[in-house]
Amino acid sequence: MRPILAENRGLGQAMQASGECDSAPAVSEERALGAIVLAAGLGTRMRSTRAKVLHELGGVPLLRYPLAALGSLGPERVVVVVGHQADAARSAAEASGVHGIRSALQAEQRGTGHAVRCALPELEGFTGDVLILYGDAPLVRPATLRRLVDTHRAGGADLTLLTVRFADPTGYGRIVRQPDGRVRGIVEERDATAAERTITEINPGFYCVRVEALRPLLGAVRDDNAQREFYLTDVVELAVADGRRVLTVETDRPDEVAGINTRVELARMEATLRAETIERWMTAGVTFEDPDTAYVGPEVEIGADTVIGPNVTLRGRTRIGSGCRLDGTSWLVDATLADRVHLLFGCWVEKAEIGSDAIVGPFARLREGTRLAERVHIGNFVETKKAAIGARTKANHLSYLGDCEVGEDSNVGAGTITCNYDGFKKHRTRIGARVQIGSDTQLVAPVSVADDAYVGAGTTVTRDVPSGALAISRTPVRFVEGWMERFRARNGAAPEVKAAPPAPRRRAKPRPSAAKQTKVARRRRSVAKPKAARRRSR
Ligand code: UD1
Ligand code: MG
């Protein structure tokens, strides 16, 4: 199985596992590499109270994507500039698992140039090249970042920019060139002249800069523009004017460097990423019966010859083995399915493991901490939570199995409930191997049912059941002859119009003698109460 983000659509671990970067040129080791990722803005155009970089793409915060791409270049130091929802942004950054991450606070968002200034104290004592990225451009590949760094170093540049041509450059800063083709600066759309707005070469926001040059250049940036902000883009013109060496690298993959500023752009990118992810898994041998309605997150893995039906959502770090079948309309988050699992229609599986050849559903809910061994059957309307179910055991109908263990080859009847919660604490139920639990059983935890025991239907198990024993707590059934007729009469029901068919002739069973009744009652008590307990109660 190969993670989907092979070409880096982000997430670092996926990259490392894929080895896809091997074809990219190696980063020269002579100078240290650092990075700054800007993530402090609210993202006004998202019209949200949530910081833009915390909005999710493929179920993962946007910010984790550029960090993952950076992570595979092994930078010495990565400074994430946070501001809006700083704590949440810090946590998202840490969750990327990238080594050497630290954060800098930009308390007031005064522009991208100001944000980079806020990061500088965290680069104290660092000499080398710094990659500057925006947290709202998630799809960049590590190979592209490497090319940027390599061009910068090979050309002995002070500052190198990535550029790209967009048929519709609306919203982006335009690259302004001198007559000889050398870059002169970047002009933001709001500040651009009509002629400059026709330029289709734009600034996607990826820079590599010598840290020694960055400090003085940033110091010279002013906020004399339409937005009264300190633009990072102004360092380009300042560097050129200062006679510094400024280079550009053009990428021909516009999709890879597109930024997200609105929810429409986010949804479009989600659709692109999803289609691409599913296509990649199809190429790897997975069948999607309806690719348009399947949702597969970027960190999901799926084995070959698995068939995924319509409306299936696979999120988080879900792992699906090979030869599985997911009938449709199921929601899986951080789930692990071994090989040849059959998930029937309409299941919910969250942080649960399903062993090979198991059959689950339809309409089953496997919650966190569920572990099903091989060949387990979990049927309709069964909910499990922190439940370890042994091999070949079946719970086929209408049950709740929570905080419990069930051994191998047992059968849990319809309507079985583990009563695990006393209002304050959760308690465990232990059921052994080869146990038969009859329908409509309540197991009042903490309680155990030992191997080879049998619990009769309708039993409330309040004490441990010994191995091989029958546990039964059942009110004897009795008949009140003629009750229904009297009931109807009491309630003023119309008299029966049609005569009931004659009852079959059967001799009434004589009522047992008083002595016999006492004997039966005694026997019932002895089944429900083991000898030791009886002795105690005497
Ligand atoms: C920016 C560029 C523009 C480029 C585009 C590419 C500037 C001035 N403009 O515009 O040339 O074409 O990106 O997508 O740089 N941020 C902070 N603090 C701030 C402001 C922004 O951390 O004070 C962060 C944001 O959280 C975001 C990133 O910087 O992650 C970019 O900010 P955004 O407002 O999206 O810039 P654009 O208008 O897209
Ligand atoms: Mg932007």
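The values are calculated or read from the model by the stated rules, or taken from the named source; none is laboratory data. None of the values given here were measured: they were computed from a predicted structure. Cβ sites come from the backbone with ideal geometry, for glycine too, and all protein chains shown count toward neighbours.
The conditions are (1) surrounded by fewer than 23 Cβ atoms within 10 Å (Cβ to Cβ); (2) at pLDDT 95 or above, and Pro61 fails exactly one of them. Which is it?
(1)
Quick one: would you say Arg315 is within 16 Å of ligand 2 (Cβ to nearest atom), out of contact with any Cys (no Cβ under 6 Å at 6 or more places or on another chain) and not assigned by TED's automatic domain parsing to the domain that holds Tyr65?
So Arg315 does not fit the description; no.
With the structure loaded, tell me whether Pro179 is assigned to a loop (DSSP other than H, G, I, E, B), closer than 25 Å to Ala40 by Cα, assigned by TED's automatic domain parsing to the domain that holds Ala119 and more than 13 Å from ligand 2 (Cβ to nearest atom) or whether it fails that test.
When the stated conditions are applied, Pro179 does not pass them.
Looking at the stretch 97-146 only, could you name the residues that are within 15 Å of Leu38 (Cα to Cα), in contact with a Lys or Arg (Cβ under 8 Å, 6 or more places away or on another chain) and of a type in the set (Gly, Ala, Ser)?
If the condition is that a residue be within 15 Å of Leu38 (Cα to Cα), in contact with a Lys or Arg (Cβ under 8 Å, 6 or more places away or on another chain) and of a type in the set (Gly, Ala, Ser), then Ser103, Gly135 are the ones that fit.
Residues in the stretch 61-78: is at least one away from ligand 2 (no atom under 16 Å from the Cβ), under 17 Å from the mean Cα position of the chain (by Cα) and more than 22 Å from Phe126 (Cβ to Cβ)?
Among the residues of the stretch 61-78, at least one is away from ligand 2 (no atom under 16 Å from the Cβ), under 17 Å from the mean Cα position of the chain (by Cα) and more than 22 Å from Phe126 (Cβ to Cβ), which makes the answer yes.
Please work out if Glu250 is away from ligand 1 (no atom under 11 Å from the Cβ), acidic (Asp, Glu) and touching an Asp or Glu at 6+ places or on another chain (Cβ under 8 Å).
Working: away from ligand 1 (no atom under 11 Å from the Cβ): yes; acidic (Asp, Glu): yes; touching an Asp or Glu at 6+ places or on another chain (Cβ under 8 Å): yes.
Yes; evaluated as a whole, the condition is true for this residue.
Residue-wise test of (1) touching a Pro at 6+ places or on another chain (Cβ under 8 Å); (2) touching a residue at least 40 places away in the same chain (Cβ under 8 Å).
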site: Leu148; (1), (2): no, yes
site: Gly156; (1), (2): no, yes
site: Leu159; (1), (2): no, yes
site: Leu162; (1), (2): yes, yes
site: Phe166; (1), (2): yes, yes
site: Gly171; (1), (2): no, yes
site: Ile175; (1), (2): no, yes
site: Thr193; (1), (2): no, no
site: Thr198; (1), (2): no, no
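Of all residues being within 14 Å of ligand 1 (Cβ to nearest atom) and in a helix (DSSP H, G or I) in the stretch 187-213, which is surrounded by the fewest Cβ atoms within 10 Å (Cβ to Cβ)? Just the residue, please.
Result: Arg190.
When you scan the stretch 372-386, do you find a residue that is farther than 19 Å from Val312 by Cα and hydroxyl-bearing (Ser, Thr, Tyr), even just one?
yes
Residues that are assigned to a loop (DSSP other than H, G, I, E, B) and more than 40 Å from the chain's Cα centre (by Cα): does the stretch 481-490 have at least one?
Yes.
Please find, within the stretch 232-274, the residue that is surrounded by the fewest Cβ atoms within 10 Å (Cβ to Cβ) out of those that are among the β-branched types (Val, Ile, Thr) and away from ligand 2 (no atom under 16 Å from the Cβ).
Thr272
Sort through Thr277, Thr293, Thr283 and tell me the only one that's surrounded by fewer than 18 Cβ atoms within 10 Å (Cβ to Cβ), under 18 Å from the mean Cα position of the chain (by Cα) and at pLDDT 95 or above.
The match here is Thr293.
With the structure loaded, tell me whether Arg165 is more than 33 Å from the chain's Cα centre (by Cα), surrounded by fewer than 21 Cβ atoms within 10 Å (Cβ to Cβ), within 14 Å of ligand 1 (Cβ to nearest atom) and farther than 25 Å from Val79 by Cα or whether it fails that test.
Criteria met by Arg165.
In the set Ala86, Ala93, Ala154, which member is surrounded by fewer than 21 Cβ atoms within 10 Å (Cβ to Cβ), away from ligand 2 (no atom under 16 Å from the Cβ) and within 28 Å of the chain's Cα centre (by Cα)?
Exactly one residue qualifies, and that residue is Ala86.
May I ask you to list pairs of residues, at least six apart or on different chains, whose Cβ atoms are under 6 Å apart, with the first in the stretch 108-129 being assigned to a loop (DSSP other than H, G, I, E, B) and the second being buried (at least 21 other Cβ atoms within 10 Å of the Cβ) and hydroxyl-bearing (Ser, Thr, Tyr)?
From residues that are assigned to a loop (DSSP other than H, G, I, E, B), the pairs are Gly111/Tyr231.
Tally the residues that are more than 9 Å from ligand 1 (Cβ to nearest atom), closer than 15 Å to Val221 by Cβ and not charged (D, E, K, R), restricting the search to the stretch 93-125.
2
Identify, from the list Leu148, Leu133, the residue that is over 23 Å from Arg197 (Cα atoms) and either part of a helix (DSSP H, G or I) or hydroxyl-bearing (Ser, Thr, Tyr) (or both). Talk me through it step by step, then tell me what you get.
Working: Leu133 fails: either part of a helix (DSSP H, G or I) or hydroxyl-bearing (Ser, Thr, Tyr) (or both).
Residue meeting the stated conditions: Leu148.
Being in a loop (DSSP other than H, G, I, E, B) and aliphatic (A, V, I, L, M) is true for just one of Ala89, Ala167. Which residue is that?
Ala167
Does Glu299 satisfy being away from ligand 1 (no atom under 16 Å from the Cβ), modelled with pLDDT under 95 and over 20 Å from Leu326 (Cβ atoms)?
no
If a residue must be surrounded by 23 or more Cβ atoms within 10 Å (Cβ to Cβ) and in contact with a Phe, Trp or Tyr (Cβ under 6 Å, 6 or more places away or on another chain), how many such residues does the stretch 298-342 contain?
So the count comes out to 2.
Could you check how many residues of the stretch 39-68 are touching a Ser or Thr at 6+ places or on another chain (Cβ under 6 Å) and within 10 Å of ligand 1 (Cβ to nearest atom)?
Qualifying residue count for the region: 1.
Write out, first by first residue and then by second, each pair whose Cβ atoms fall under 6 Å of each other, whose residues are 6+ apart or on separate chains, and whose first residue, in the stretch 32-48, is over 14 Å from Gly83 (Cα atoms) while the second is near ligand 1 (Cβ under 8 Å from one of its atoms) and not polar (S, T, N, Q).
Between residues of the stretch 32-48 that are over 14 Å from Gly83 (Cα atoms) and residues that are near ligand 1 (Cβ under 8 Å from one of its atoms) and not polar (S, T, N, Q), the close pairs are Met46/Lys52.
Out of all the residues in the stretch 214-251, which are closer than 20 Å to Leu131 by Cβ, in a loop (DSSP other than H, G, I, E, B) and not aliphatic (A, V, I, L, M)?
Listed by number, the residues that qualify are Phe230, Tyr231, Thr233, Arg244, Arg245.
Let me confirm something: among Gly100, Gly58, which residue is in contact with a strand residue (DSSP E or B) (Cβ under 9 Å, 6 or more places away or on another chain), away from ligand 2 (no atom under 16 Å from the Cβ) and under 17 Å from Met269 (Cβ atoms)?
On the way: Gly100 fails: under 17 Å from Met269 (Cβ atoms).
Just one listed residue meets the conditions, Gly58.
Return the total of residues in the stretch 69-92 being within 16 Å of ligand 1 (Cβ to nearest atom), touching a residue at least 60 places away in the same chain (Cβ under 8 Å) and of a type outside the set (Gly, Ala, Ser).
1
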